[in-house]
Amino acid sequence: PPQPSREERVRLALVSTIVALTAVIIFFSFNLSSYAFAMLQICLMAGAPSANASLQAMKGNAIACCIGGVTIVIVYNLLTAVPAYVFLVSVCLCTVLLFSKKIYSDDPMAKAYVSALFTFLILLGTSTMAETGAAMNFYLRIVQILLAGLFAVGGIIVVERLLRGGIIYKKTAKL
């Protein structure tokens, strides 16, 4: 594929940087460290600085979150029925093996299963440590991904409009 022009690369880098930096500043300013996952999602989605790419990333993340979330709800209920360490390790091993089979298959959803496995592991850790159940963490995670996607898409659209109007680009071109 042909490389974009230098001006286009600068514009894309500027859009990504502004959207990601805005998210980081907001999260650190308001001490939202418990929502760090949402901030990371915003930064990842801003890495592909077009509204379509961010919408596709949001869709993929939501699918992966649902796969991992449904899996953790099932595993969490099994673990509450049999609260033994050996059972925890056995169930986790079986779950990781099932995910591995999907990840290394020729399935077009293989990439989603990688993210779903990460979602499963993160939710497993948070649901076994905290008083809230896996279902609550699952719903919170979905809301975080959707809000992060909306923030990234909205931020990209706003920054693109400002760039197209020349407000930001003219000021940075003088630097």
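Where a number appears in this text, it was derived from the coordinates with a stated rule and is not lab data. All figures in this text were calculated on a predicted structure; none of them were measured in a lab. Here the Cβ positions follow ideal geometry from the backbone for every residue, glycine too, while neighbour counts run over all protein chains shown.
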How much length is gained if the chain between Ile74 and Ile122 is pulled fully straight, taking 0.36 nm per residue apart and subtracting their Cα-Cα distance, in nm to one decimal? 15.8 nm
If I build a Gaussian network model for the chain, linking alpha-carbon pairs within less than 10 angstrom, which residue out of Val91, Val19, Val82 has the largest mean-square fluctuation? Val82
The summed charge of the Met58 Cβ neighbourhood (under 15 Å; Lys/Arg +1, Asp/Glu -1) stands at +3
With a sphere of radius 15 Å drawn around the Cβ of Ala48, what net charge do the other residues whose Cβ falls strictly inside it have (Lys, Arg +1; Asp, Glu -1)? +2
Each label point is 7 Å from the Cα along the Cα-to-Cβ direction; what then is the distance between the points at Leu162 and Tyr139, in nm? 3.6 nm
Quick check: residue separation of Val96 and Ile25 times 0.36 nm, minus the Cα distance between them. What number comes out in nm? 22.0 nm
So for segment 1-103, what are the equivalent ellipsoid semi-axes in whole Å, largest first, each being the square root of 5 times an eigenvalue of the Cα gyration tensor? 38, 19, 10
Sorted by Cβ density within 10 Å, fewest first, the residues Val89, Val114: Val89, Val114
Round to the nearest 0.05 the FRET efficiency obtained for Leu150 and Val114 when R0 = 25 Å and r is the Cβ-Cβ distance. 0.60
Rank Ser127, Ser16, Ser33 by mean-square fluctuation in a GNM of the chain with C-alpha springs under 10 angstrom and give only the top-ranked residue. Ser33
